[in-house]
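Colleague: Just passing along the structure, written as structure tokens.
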Amino acid sequence: MSDSGILARFRLDYAGFTLDVDLALPGRGVTALFGPSGSGKTTLLRAIAGLERVTAGRLSVEGEVWQDETVCRPTWQRPLGYVFQEASLFPHLDVRANLEYGQKRVPGAASRVSLDQAVAMLDIGHLLDRKPGGLSGGERQRVGIARALAASPRLLLMDEPLAALDMARKQEILPYLERLHDELDIPVFYVSHAPDEVARLADHIVALQNGRVVAAGPLTETLARVDLPIRLGEDAGVVLDAAVAARDEAWQLAHVEFAGGRLWVRDQGLPVGHRVRVRILARDVSLARAPASDTSILNTLPATVSACAGDAHPALTLVKLHVGDSPLLARVTRKSAHALGLAPGLAIYAQIKAVALIG
């Protein structure tokens, strides 16, 4: 890992739980810390922030050591922003004063994000003179994110920032998080146990279970693994980077192109050339030895079987495929897998019943 990366090695022992991780992570983009409740996601985030006392640990950011055997910077000396599940704003201050508080300890030369930029990115200019008590849950969280950015962090930590919100407020905030991803060159560690958030926002994923890392790597490759101890159940699937290649206005459909082929999706009015992400769930992929005719399925692609593994229920098999250079997952019954003779190297056709455009 180069000096642009993040090295995090921690061991913490508690009664009944041990966090033991050794990670080399990219110094840009969004890294999702993913896993079930109690897997150690928040504990790891707090260790990175210096909020947990770690006797055995090392943390370096872009080649600068924040913690090792000889030094351990306190939280206030670590140039990071922290966004909690609850915005935790000062109730007696208006939004503007809350944001200015986040800037107080930032030397001018270290400023990476101006107050005006943070306000614009989170679209909260009309809220500046209001007190937190008069804001909705979604508005408070947007202000909390803006306050973290106003501190010009070199690392942004987000601990399930949408968990306390209902679905409508969550959908309200997700586009702003995507905007941070696209416009800021600040690495983000994002804690979540929601596969839809991870699929939409993350570039890299660290899967945790019982305080240990069970998988880490680029999002697309890691989600396509069939050997993960953490099972995503109905949410198992892949995320592919694509671009709008053509639009069919007569049928309100668009063709998106990825490294392996093209897919029909519902047209959302995006221009040709626009970069998008598509999510394909394993439950929406069926397999055939020959392309079907007279079918309602628009997306049928030639593929090659890479691996097969048992699924959450003994009647099911999770099949990893490759479509060109891109991975794909399919969930079929063991009976169907036997009838088709599924084995690594077999040429097959993937029939994709649904494709979600997620960003």
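Colleague: Could you size up the charge dipole of the chain around its Cα centre, putting +1 on the beta carbon of Lys and Arg and -1 on that of Asp and Glu, and report it in debye to the nearest 20?
Modeller: For this selection, approximately 480 debye.
Colleague: Expressed as a whole percent, how much of the Cα-Cα distance distribution for the chain exceeds 24 Å?
Modeller: On the way: 39708 of 64261 pairs.
Percentage above 24 Å: 62.
Colleague: Can you grab the distance from the C-alpha centre of the range 140-211 to the C-alpha centre of the range 291-340, Å, no decimals?
Modeller: Each part's Cα centre sits 32 Å from the other's.
Colleague: Nearest 20 debye, what's the magnitude of the dipole of the range 200-331 about its Cα centre given +1 on Lys and Arg Cβ and -1 on Asp and Glu Cβ?
Modeller: Using Cβ point charges on Lys, Arg, Asp and Glu, the range 200-331 gives about 260 debye.
Colleague: Of the heavy-atom accessible surface of the chain (probe 1.4 angstrom), what whole percent is carbon and sulfur?
Modeller: Ligands and nucleic acids excluded, carbon and sulfur give 50 percent.
Colleague: What distance in nm lies between label points placed 7 Å from Cα along the C-beta direction at residue 22 and residue 166?
Modeller: Taking the simple label geometry, residue 22 and residue 166 are separated by 4.8 nm.
Colleague: Which one of 38, 81, 24 is farthest out on the positive end of the charge dipole of the range 1-114, using unit charges on Cβ (Lys, Arg +1; Asp, Glu -1) and the Cα centre as origin?
Modeller: 81
Colleague: Quick one: accessible area per residue over the chain, 1.4 Å probe, rounded to a whole number of Å²?
Modeller: I get 46 Å² per residue for the chain.
Colleague: Please give the peptides 305-313, 30-38 ranked by average Cβ packing (other Cβ atoms within 10 Å per residue), highest first, as a rough proxy for protection.
Modeller: The peptides rank, most packed first, as 30-38, 305-313.
Colleague: Once the Cβ-Cβ distance between residue 307 and residue 253 is put in as r, and R0 is 41 Å, what FRET efficiency do you end up with, to the nearest 0.05?
Modeller: Computed FRET efficiency for residue 307 and residue 253: 0.80.
Colleague: Here's a follow-up. If the range 1-115 were replaced by its equivalent ellipsoid, with semi-axes equal to the square roots of 5 times the Cα gyration tensor eigenvalues, what would those be, largest first, whole Å?
Modeller: Computed over the range 1-115, the values are 26, 19, 14 Å.
Colleague: Order 78-85, 271-278 from most to least packed using the mean count of other Cβ atoms within 10 Å.
Modeller: 78-85, 271-278
Colleague: Okay, helix-only estimate at 222 nm for the chain: each DSSP H run of n ≥ 4 adds -39500 (n - 2.57), divide by all residues, round to 500 deg cm²/dmol; what do you get?
Modeller: Using -39500 (n - 2.57) per qualifying helix, the result is -6000 deg cm²/dmol.
Colleague: Enumerate the amide H contacts of residue 237 below 5 Å, restricted to partners 5 or more residues apart or on another chain; note that Pro and chain-start residues carry no placed amide H.
Modeller: 282
Colleague: Grab the Cα-Cα distance for residue 339 and residue 62, subtract it from 0.36 nm times how many residues apart they are, and report the gain in nm with one decimal.
Modeller: Once the chain is fully extended between residue 339 and residue 62, it gains 94.5 nm.
Colleague: Largest first, how would 297, 6 line up by accessible area (1.4 Å probe)?
Modeller: 297, 6
Colleague: For residue 42, what charge total do you get from the other residues with a beta carbon under 13 Å from its beta carbon, if Lys and Arg give +1 and Asp and Glu give -1?
Modeller: Spelling it out: positives minus negatives among the neighbours equals -1.
Colleague: Give me the orientation-averaged projected area of the Cα convex hull of the range 241-359, in nm², one decimal.
Modeller: Here the figure is 7.6 nm², rounded to one decimal.
Colleague: With all protein chains present and a 1.4 Å probe, how do 136, 296 order by accessible area, largest first?
Modeller: 296, 136
Colleague: Could you order 104, 320, 131, 41 by accessible surface area, starting with the largest, using a probe radius of 1.4 Å?
Modeller: Putting 104, 320, 131, 41 in descending order of accessible area: 104, 131, 320, 41.
Colleague: When the distances between all Cα atoms of the range 196-251 are binned every 5 Å from zero, what whole-number percent does each bin get?
Modeller: Using 5 Å bins, I get a P(r) of 4, 15, 25, 21, 12, 7, 7, 4, 3, 1, 0 for the range 196-251.
The values are calculated or read from the model by the stated rules, or taken from the named source; none is laboratory data. In this text, all values refer to a predicted model and were calculated from it rather than measured experimentally. Counting neighbours? That spans all protein chains shown, and the Cβs are built from the backbone with ideal geometry, glycine included. Note: accessible area is taken over every heavy atom of the protein model, side chains too, but ligands, DNA and RNA are not part of it. Shrake-Rupley method; radii C 1.70, N 1.55, O 1.52, S 1.80 Å.
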